[in-house]
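First up is the structure itself, then whatever we jot down about it.
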Amino acid sequence: MLDTELDDEQRDHAETILESSNALLAIINDILDFSKVEAGRLELEVIDFDLRIAIEEVLDLLAVRAQEKGLEIASLVEPGVPSRVKGDPGRLRQILINLVSNAIKFTEHGEVIIHATLDQESEHLSTIRFAVTDTGIGIPKDRMDRLFKSFSQVDSSTTRRYGGTGLGLAISMQLANLMGGEIGVESEEGKGSTFWFTCRLEHQRGADTEEEFPLEPIEGQRILVVDDNQTNRAVLSQQLNRWGCHCEVVADGRSALDAIRVRASAGTPFDLVLIDSLMPEMDGQQLASAIRADAVLGDPVLVMITSSARRGEASRFHELGFVAYLTKPVKRSQLYDCLRAALGTRRHGESEKPQRLITRHSVVERKKYTKRILVAEDNPINQKVALRVIEKLGYRADAVANGMEAVSAVKRLPYDLILMDGQMPEMDGIEATRIIRQGESGAKRRIPIVALTAHAMQGDRDRYIAAGMDDYLAKPLQPRELAEMIERYVGDGTTVPEIPKERPGKGSRKPVFNRRALLARLDNDTELFDELVQVFLADCDAQFGRMRSALSQRDATSLSRLAHTLKGSALNVEAGDIADSARTLEASAAKQDWELVDAALKDVELALQKFKSVIVVS
Ligand code: ADP
């Protein structure tokens, strides 16, 4: 649905559904996690991630819930806190989600704030302190010590009123401890609580503290922030100052008008005013009208910040003279993109003001998420490998199993890249490529097509290129090569994930099953490993049944094709014996040497049995 035409409001709802489903999934995971932690089986990941983005994601996930209750929600990450860190972003988010969800749950009025500060720093490690502060019901002193025990809640009536499992804090404590940190709470009944935790994060190698946004377009701009919420003012001004803007903040409309007047008469008028929509006395719209009504105030660009944009509001904002609006909690990248676009309208002059309002959907660079890759591949194992690699790279993917389906998929959706198996049933990759290229003649877009093929020969390569393919990748697919190829065609040149190269095995005799080689090839992804083996086994049995009936019908062509496919799958899971016997079967079927075929099929069956026994044993 998110890939179809949607207006901003529909997109917002659809994204909310997606986010909510993810939140529900998180609860299920909580319960699973808890049992894992209890059993001492939880292991942390150590991967590169961006701390500020991780925090923004938490806010994003929970903002709707907070806004439904009329709560302000924001995050303040102090400048000294490193962004490019290494650790377990999933588990870190999990603690934050637990604490922020609780804060929202137990707060009726006011705000929920995540505050991240640097606690300690060494050359390779930072200890970060996260504090989640709310203005909610608070916790009585004599109850605090029990909170971090499993299944404990402050009292049973709260349970009935607020629900919950009483597991969140217990899990959070375990996770914080695993990350080398502690957890605690300060609270005053009736005033609110601050749940804090610390965790140790490694620094990414070669990470510098350089600003990731080019400052040139917004540096030196004079910006006024009008918001009645003090935290929001602090968050915005801190960020704007960091980008080199000259930023002033005021808490209400009257002061805003005064400030604009003072600056205008001093000859240093504001370039842009960021206005909170919901403020007591004079709200954002009234303020905008007042600014537009008074010529003395000049003509600053107006940007609205709102918790929720309802139907029809966008056009009203536009009429009121806002060139853009942002929804809370404002993400850094959105703020940046919005400012750049909004200030751009000023630089290009009045006549080129955008017809449409700039919203968060039009400014978000949906870089990776929108890139879509089609995998046309009939071998389920190869399909899975490709899909997993694409998913890891952060792109979207669809899979089809033959050329005909590929052709119709391309008609339906605009793909950025096609990975096309050469040999597929019904319509092969070459034919499909021809049809796709024909359809493109005269069009501006030309989808890159990369052939996937087991025939690693120059002659084939030429055939593929002649058919209109752009590149070529040999099977069995190596995740690293595949990742590089994908990034070459759709990447923005920034990242190729670390997928280690396959280490050549010792000796040439193929074992029944080379577990180590397969694991290495899959980047030690044991989950994918298990999945592949399962798919392979299921596929084998089906394949074998088909071979039997092909043999009974003396259908040499089918038999040879089936054997060929089995060989490919077997090579993919490093099942050498099966591959060898399938190769013999393919050759003997092609020669229609039925005696040999009979023997070869028995060999295949034997190899299969051996493989199964190895899998079960290990
Ligand atoms: P759950 O929220 O599922 O009940 P938790 O372990 O997350 O489980 O929290 C345990 C209890 O701690 C809650 O039921 C509530 O009584 C109390 N609590 C947690 N966070 C807050 C908060 N921010 N304000 C007030 N009470 C809280």
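What to note about this one:
- Members of K69/K141; K328/K392; K392/K602 lying beyond 31 Å, as alpha-carbon distances in this model show: K392/K602
- Given charges at beta-carbon only (K, R positive; D, E negative), |dipole| of the chain in Debye: 1040 debye
- Sorting 571-584, 401-414, 136-149 by their mean Cβ neighbour count within 10 Å, with the most densely packed peptide first, gives 571-584, 401-414, 136-149.
- Backbone HN-Hα couplings from phi across the range 568-582 [Karplus 6.51/-1.76/1.60, Hz, Gly and Pro as x]: x, 4, 4, 4, 5, 9, 6, 9, x, 4, 4, 4, 4, 5, 5
- For the chain, adding -39500 (n - 2.57) for each run of n ≥ 4 DSSP H residues and dividing by the number of residues yields -15500 deg cm²/dmol at 222 nm.
- The amide H of L167, built 1.01 Å from its N in the peptide plane, has F151 as neighbours under 5 Å, considering only residues 5 or more places off or on other chains.
- Size-normalised alpha-carbon gyration radius of the range 1-123, reference 2.2 N^0.38 Å: 1.20
- For the chain, carbon and sulfur atoms together expose 50% of the accessible surface, with a 1.4 angstrom probe and every protein chain in place.
- Coil-residue GluC sites (Glu not before Pro) of the range 40-87, DSSP, other Cβ within 10 Å capped at 11: E43, E45
- Accessible area expressed per residue, the chain, with surrounding protein chains retained (probe 1.4 Å, Å²): 49 Å²
- Counted over all Cα-Cα pairs of the range 528-577, pairs farther apart than 14 Å make up 52 percent.
- Fraction of antiparallel bridges per DSSP, the range 1-130 only, in percent to nearest 5: 60 percent
- Reported value for the chain: 198 Å³ per residue, from the convex hull of its C-alpha atoms.
- Counting every alpha-carbon pair across the range 176-302, the share separated by more than 25 Å comes to 46%.
- Positive end of the dipole of the chain (Cβ unit charges, origin at the Cα centre): among S150, L606, M404, the Cα lying farthest that way belongs to L606.
The values are calculated or read from the model by the stated rules, or taken from the named source; none is laboratory data. These figures come from a predicted structure and were not determined experimentally. All Cβ positions, glycine included, derive from the backbone under ideal geometry; neighbour counts span all protein chains shown. Keep in mind that these areas ignore ligands, DNA and RNA; they rest on the heavy atoms of the full protein, side chains included. Shrake-Rupley method; radii C 1.70, N 1.55, O 1.52, S 1.80 Å.
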